[in-house]
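For reference, the structure discussed in these notes is given below.
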Amino acid sequence: MNETTVKLIALGLYLVLGPVLGCLLGGIDRKISARMQSRIGPPILQPWYDFRKLLLKENLVVRRSQNFYVFFYLLFMVFTGGLFFMGGDLLLVVFSLTLASIFMVLGAYKASSPYSFLGAERELLQIMAYEPMLLLVIVGLYMITGSFSVTDILAFDCTADTAKIHAPVILQGAGLFLGLIYILTIKLRKSPFDLSSSHHAHQELVRGLTTEFSGRAMAAIELAHWYETVLVLGLVYLFLGSCWWLAVPVVLLVFFLELVADNTCSRVKWQMAVKSSWIMAVIFGVGNVLVLQYWKPILQMFGK
Amino acid sequence: MNVSLLHEVGFLILFPILVAILLLFTGKSDRVRAAIVGVASVAIIAVSVALLFGDSPKAISTEEIGPHRAELASQTMFWIEMALGVVVLFISIRAKKFLVTALMTAQAGLMIWFEHANAGKLEAKNAFFVDNFSVIMALIIGIIGCLICVYAVGYMKDFHHHFRQEVKDRRPFFFFILFAFLGAMFGIVFANNLLWMYFFWEVTTLASFVLIGYKGDKESVNNAYRALLYNLLGGLAFALAIVVLFNKTHSVEMSELLKAGLLAPVVLISFAGMTKSAQLPFSKWLLGAMVAPTPVSALLHSSTMVKAGVFVIVRMAPALCGTKAGTLVALVGGVTFLVTSFIAVSQSNAKKVLAYSTIANLGLIVMCGGIGTPEAVWAAVMLIIFHAVAKGLLFLCVGVVEHKIHSRDIEDMSGLIISMPKLSVMMQIGMAGMFLAPFGMLISKWAAMKALIDSNALLVVFVVFGSAVTLLFWVKWMGKLLQITKPDAANLEGGISAGEWTALGSLAVLTIGACLFFPLLSSQLVDPYVQSVCKGVTMDLGAGNIIIMLIMLGLVALFPLSFLHYGRRVRVVDSYLGGANAGCSTRFTGSAGATHDMALKNYYLESWFGESRLLMPGALACALLISLMLALTIIAR
């Protein structure tokens, strides 16, 4: 099989299995969360039932063009994931992800209700909070592996060339990994950083960003979130890409930790969200980049 | 017809000046002025585009111009410079701006002494030099500059109608300066003889000074003097650079300077570039310059004149590459990018946001110039192109909006999509062009990041944090334009002149077109330039990635199509406002039965990103870095 075929198969699998996986993870999330709160919880397939029902609902809007933005949010989210799973350039993946998020934010602005407006403003703050760390992860991965491409990064640890032996990505980029996990909470819309939109009914602003969306538009947002969940977990996977039997449990563990955080932390103010994410980015992101820049020889020795 | 490069260059420098003089005598007639500006613009744009088909890089020797004519040109420039100097001395003393007087005296004294002491020896073998970088700059000056001038005709008419009591109508003078400035800008980008470049450099400084003070009120005049002061400081550094260079190499040519790679003049010219492109700690003058009529802000203070500053720094890039001074230049740019991006978040004055964002992007270019690797130079040139187009567009949009809604506050631009639909779409294009994938500035930022990682990964930290914040201030502005708080607002787009629409429309098309044709731009213009000045491989974003970018552009371009579906299969309902809705989605009955209009106010995060909090530390840090840079250079001698 040549490279292009592999890429196309990966794309196809992502397009079909991505949302299935995202949906299942969503169901598991709700089940585990319920158990943590001493409830029985809905069936694992509840997100799917919700999704189907949303499709049947009437399309209510405040502003006639607001749903167009949601459609492009979904489109670019799928595009971003496709880019990632086809082994594309990570910087491009982040830029495309940002574009997708911006469409969602603009849709919320367009809806022009106080709640969606507040959600949009907070979503922007959240993007501002996580983006430095996300970019630093990519910078770091590039410094470790010498490439921005997902394919190359995955192949890095498996290099057969013994002359170029090196510490595995996860060791060289341990700080980046921790930083990534921290901002993952924002991306997965989990407490304490579920400021713009949340699934906890007790918050002061529950569905800020998505307040004014219903029916098919809401279903599209859910679908995009499933794709997004798989994509960001894919980023975590990247750190251990060479051995899937280690990577998969680690990814699931990380996901579980996010659920623990979600159920044990109360929402913080945006100040705290931005400040703490940036501090993490400076300590773990910049710190790790510094190490890679100046102490790479030591790291390489460590690898031997 | 065989038109030589010399003719084209000569035309681009002299023709605008002739037009300028002609415009001085147009009097009050708008029609005549519009006609002259229109015809002249077409001619200038045509000749700048024709440069694309000439052979470059190519030097134009003094021989070719004719030694006598070159000598005459030098003499004329010298005397004009002295005459302008005397005028500045006179008015600065009268205005009690003695620092300006002192700087002007120092500069003029230095030049008189230098030209006197070395009379007859100050000949340049090649008076002009045309390569792809100067062609790119010429295209920016020619196309964007002329479009702004065309726009200015209609704009200034409204402007004087608006300020008929406060501001004296001096439009002939205004357009005289505008076109003389264009000529001087062409001079800067083509000159190889540094004495000539210096002359043109000073002319742009004075043009900026005059135009900032155009309104004539106290604030404008003060800001004009501040701009003059900072730019004269840069001019002095430029003059010193020439003197130092001549003492070492007995040459006054840019090409010799780059060949010799002497650090002292390179650093001095970079310093001059920093003042011109308003890097911290000099950024204050550019903010003050926003009092000028909007075409001035667009032309001088975002698209062209401030670009002259980064132009010389990027020219110096090969000499700066790998030196400590270069790293310090890059750091100044980095700190400027970070700090001014932060401050832009806290501003609600649209022109100030644009100004801070301009300084920030210039900082990014300075950063690339200081790094000086081939990749960085590529990114810098791309940034110059894309920024000029998108920012020019944004300034012009804000200018029109300001005339229509009588405010330049972003908070007042709520619902512009209803009251000024076409204009707000253009603004959205301009803003998307400034920060969003797959548009130009993002491509360049991407390249800049790659270049920085490869040379010094720590510099990326500035870009990473700065970009995150950039996104915040643009998107919240975009959102402001889209949201609707007054659904029945009247359309305000009547009365915008054809010239203004032409300029706005062309720039909007250029913003998108530049992205569409960026691979061509890169392979035909930028790559050859980078390869000719730097050793090593130029930027390679990867063919696959460029195709992906173009696919993204195609997808984004589909967005307007969704409006074919406008209002179909949806039911419009009112949103919840926290009280009983009073008939629509934007009014509600609150406590005590009073009816309120809904209002939505953006975050400005004043306590974090306020000017008063960040500007001083940023300026101090940069001042320190610059002092270090100068000190290192002196020690190195």
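The values are calculated or read from the model by the stated rules, or taken from the named source; none is laboratory data. Because the structure is predicted, anything quoted here is derived from the model rather than measured. Neighbour counts are summed over all protein chains in view; Cβ atoms, including those assigned to glycine, are modelled from backbone coordinates with ideal geometry. Just the protein is used for accessible areas: all its heavy atoms, side chains included, with ligands, DNA and RNA removed. Shrake-Rupley method; radii C 1.70, N 1.55, O 1.52, S 1.80 Å.
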- line: Note on B:A432: of the conditions (1) hydrophobic (A, V, I, L, M, F, W, C); (2) surrounded by fewer than 20 Cβ atoms within 10 Å (Cβ to Cβ); (3) out of contact with any Leu (no Cβ under 8 Å at 6 or more places or on another chain), unmet is (2)
- prompt: Considering only segment A:139-159, how many residues are within 9 Å of chain B (Cβ to nearest Cβ) and in a helix (DSSP H, G or I)?
  reply: 4
A:L135 in contact (Cβ under 8 Å) with a residue 40 or more places away in the chain and either surrounded by fewer than 24 Cβ atoms within 10 Å (Cβ to Cβ) or in contact with a strand residue (DSSP E or B) (Cβ under 7 Å, 6 or more places away or on another chain) (or both): no
Single condition B:L459 does not satisfy, out of (1) part of a helix (DSSP H, G or I); (2) open to solvent by 10 Å² or more (accessible area, probe 1.4 Å): (2)
- request: Tell me which residues, restricted to segment B:1-29, are surrounded by 18 or more Cβ atoms within 10 Å (Cβ to Cβ) and at pLDDT below 90.
  value: B:L5, B:T26
task: Report the residue count in segment A:109-125 for those that are open to solvent by less than 10 Å² (accessible area, probe 1.4 Å) and more than 8 Å from chain B (Cβ to nearest Cβ).
output: 1
- prompt: In this structure, does B:L423 turn out to be part of a helix (DSSP H, G or I), touching a Lys or Arg at 6+ places or on another chain (Cβ under 9 Å) and crowded, with 21+ Cβ neighbours inside 10 Å?
  reply: yes
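Please go through segment B:438-462 and pick out each residue that is more than 30 Å from B:L558 (Cβ to Cβ) and facing chain A (nearest Cβ under 10 Å). Before you say what the answer is, go through the steps one by one.
Taking segment B:438-462 as the starting set, the residues that turn out to be more than 30 Å from B:L558 (Cβ to Cβ) are B:451-462.
Once the filter is applied, which keeps residues that are more than 30 Å from B:L558 (Cβ to Cβ) and facing chain A (nearest Cβ under 10 Å), segment B:438-462 yields B:L452, B:I453, B:D454, B:N456, B:A457, B:L458, B:V460, B:V461.
Can you tell me which residues in segment A:75-90 are aliphatic (A, V, I, L, M), at the interface with chain B (Cβ under 10 Å from one of its Cβ atoms), part of a helix (DSSP H, G or I) and surrounded by fewer than 24 Cβ atoms within 10 Å (Cβ to Cβ)? Lay out the reasoning, then the answer.
Narrowing segment A:75-90 to residues aliphatic (A, V, I, L, M): A:75, A:77-78, A:83, A:86, A:90.
Adding the requirement that they be at the interface with chain B (Cβ under 10 Å from one of its Cβ atoms) leaves A:75, A:83, A:86.
Narrowing further to those that are part of a helix (DSSP H, G or I): A:75, A:83.
Listed by number, the list holds a single entry, A:L75.
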task: Starting from segment B:141-165, take each residue that is within 17 Å of B:A308 (Cα to Cα) and list its partners that are basic (K, R), counting only C-beta distances under 9 angstrom and pairs at least six apart or across chains.
output: B:I141/B:K307
- request: Give the residue, chosen from A:V254, A:V230, A:V248, that is without any contact (Cβ under 8 Å) to a residue 12 or more places away in the chain, closer than 24 Å to A:G18 by Cβ and either in a helix (DSSP H, G or I) or among the small types (G, A, S) (or both).
  value: A:V248
- line: The number of residues in segment B:463-489 that are facing chain A (nearest Cβ under 9 Å), of a type in the set (S, T, N, Q) and in a helix (DSSP H, G or I) is 1
- prompt: Residues in segment B:116-125: is at least one aliphatic (A, V, I, L, M) and in contact (Cβ under 8 Å) with a residue 40 or more places away in the chain?
  reply: yes
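Of all residues being in a loop (DSSP other than H, G, I, E, B) and more than 9 Å from every other protein chain (Cβ to nearest Cβ) in segment B:602-612, which is nearest to A:A129 (Cα to Cα)? Just the residue, please.
Taking segment B:602-612 first, the residues in a loop (DSSP other than H, G, I, E, B) are B:602-605, B:610.
Filter again for more than 9 Å from every other protein chain (Cβ to nearest Cβ), leaving B:604, B:610.
Numbers: B:Y604: 15, B:G610: 18 Å.
Among those that are in a loop (DSSP other than H, G, I, E, B) and more than 9 Å from every other protein chain (Cβ to nearest Cβ), it is B:Y604.
Residues being more than 30 Å from A:N59 (Cβ to Cβ) and open to solvent by less than 80 Å² (accessible area, probe 1.4 Å): count how many of those fall in segment B:566-606.
In the first step, residues of segment B:566-606 are kept if they are more than 30 Å from A:N59 (Cβ to Cβ); the result is B:591-594, B:603-606.
Pick out the ones that are also open to solvent by less than 80 Å² (accessible area, probe 1.4 Å) and you get B:593-594, B:603-605.
Of the residues in that region, 5 qualify.
Quick grid of which residues meet (1) crowded, with 18+ Cβ neighbours inside 10 Å; (2) under 30 Å from B:Y155 (Cβ atoms); (3) among the aromatic types (F, W, Y):
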residue: B:A34; (1), (2), (3): yes, yes, no
residue: B:V42; (1), (2), (3): no, yes, no
residue: B:S48; (1), (2), (3): yes, yes, no
residue: B:L51; (1), (2), (3): yes, yes, no
residue: B:D55; (1), (2), (3): no, no, no
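Among the listed residues B:A298, B:A319, identify the single one that is closer than 22 Å to B:A227 by Cβ and touching a helix residue (DSSP H, G or I) at 6+ places or on another chain (Cβ under 9 Å).
Details: B:A319 fails: closer than 22 Å to B:A227 by Cβ.
The unique qualifying residue is B:A298.
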Residue in segment A:187-205 that is assigned to a helix (DSSP H, G or I) and crowded, with 22+ Cβ neighbours inside 10 Å present: yes
field: segment B:507-532, residues that are open to solvent by 40 Å² or more (accessible area, probe 1.4 Å) and either charged (D, E, K, R) or touching a residue at least 40 places away in the same chain (Cβ under 8 Å) (or both)
entry: B:L510, B:I512, B:L521, B:P528, B:Q531, B:S532
Answer residue from segment B:208-227, given it is closer than 20 Å to B:A237 by Cα and touching a Leu at 6+ places or on another chain (Cβ under 7 Å) and is most open to solvent (accessible area, probe 1.4 Å) among those: B:F209
Options A:A100, A:A167: the member that is more than 9 Å from every other protein chain (Cβ to nearest Cβ) and more than 30 Å from A:V274 (Cβ to Cβ): A:A167
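Tell me which helices (runs of 4 or more DSSP H) are completely within segment B:64-149 and hold 1 or more residues being open to solvent by 10 Å² or more (accessible area, probe 1.4 Å), in contact with a helix residue (DSSP H, G or I) (Cβ under 8 Å, 6 or more places away or on another chain) and among the charged types (D, E, K, R), or say none if there are none. It would help to see each step written out before you state the result.
Working: elements: B:67-94, B:98-117, B:132-139.
By residue number, B:67-94, B:98-117.
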message: For a quick check of your reading of the model, give me the residue pairs whose first member lies in segment B:166-182 and is farther than 24 Å from B:K218 by Cβ, whose second is in a loop (DSSP other than H, G, I, E, B), with beta-carbon atoms closer than 6 Å and at least 6 apart or on different chains.
response: B:P172/B:T26
query: (1) in a helix (DSSP H, G or I); (2) in contact with a Phe, Trp or Tyr (Cβ under 9 Å, 6 or more places away or on another chain); (3) away from chain A (no Cβ under 14 Å): which one isn't true of B:V556, the others all being true?
result: (3)
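Here is a check on your reading of the model: is B:S251 within 30 Å of B:V153 (Cβ to Cβ) and touching a residue at least 12 places away in the same chain (Cβ under 8 Å)?
On the way: within 30 Å of B:V153 (Cβ to Cβ): no; touching a residue at least 12 places away in the same chain (Cβ under 8 Å): yes.
Spelling it out, it is not the case that B:S251 is within 30 Å of B:V153 (Cβ to Cβ) and touching a residue at least 12 places away in the same chain (Cβ under 8 Å).
Residues being in contact (Cβ under 8 Å) with a residue 12 or more places away in the chain and either among the aromatic types (F, W, Y) or open to solvent by 50 Å² or more (accessible area, probe 1.4 Å) (or both): count how many of those fall in segment A:57-74.
Here is the first cut: in segment A:57-74, the residues in contact (Cβ under 8 Å) with a residue 12 or more places away in the chain are A:57-63, A:65-74.
Still in the list and also either among the aromatic types (F, W, Y) or open to solvent by 50 Å² or more (accessible area, probe 1.4 Å) (or both): A:57-58, A:60, A:68-69, A:71-73.
Count: 8.
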- request: Output yes when any residue across segment B:501-508 is among the aliphatic types (A, V, I, L, M) and more than 20 Å from B:L416 (Cα to Cα), and no when none is.
  value: no
query: If you go through segment A:110-132 one residue at a time, how many are touching a residue at least 40 places away in the same chain (Cβ under 8 Å), of a type in the set (A, V, I, L, M) and farther than 15 Å from B:V463 by Cβ?
result: 5
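Has segment B:579-593 got any residue that is facing another protein chain (nearest Cβ under 9 Å), over 30 Å from the mean Cα position of the chain (by Cα) and hydrophobic (A, V, I, L, M, F, W, C)? Before the answer, list the steps.
To start, the set of residues in segment B:579-593 that are facing another protein chain (nearest Cβ under 9 Å) comprises B:585-586.
Narrowing the set further to residues that are over 30 Å from the mean Cα position of the chain (by Cα) leaves B:585-586.
Pick out the ones that are also hydrophobic (A, V, I, L, M, F, W, C) and you get none.
For segment B:579-593, residues facing another protein chain (nearest Cβ under 9 Å), over 30 Å from the mean Cα position of the chain (by Cα) and hydrophobic (A, V, I, L, M, F, W, C): absent.
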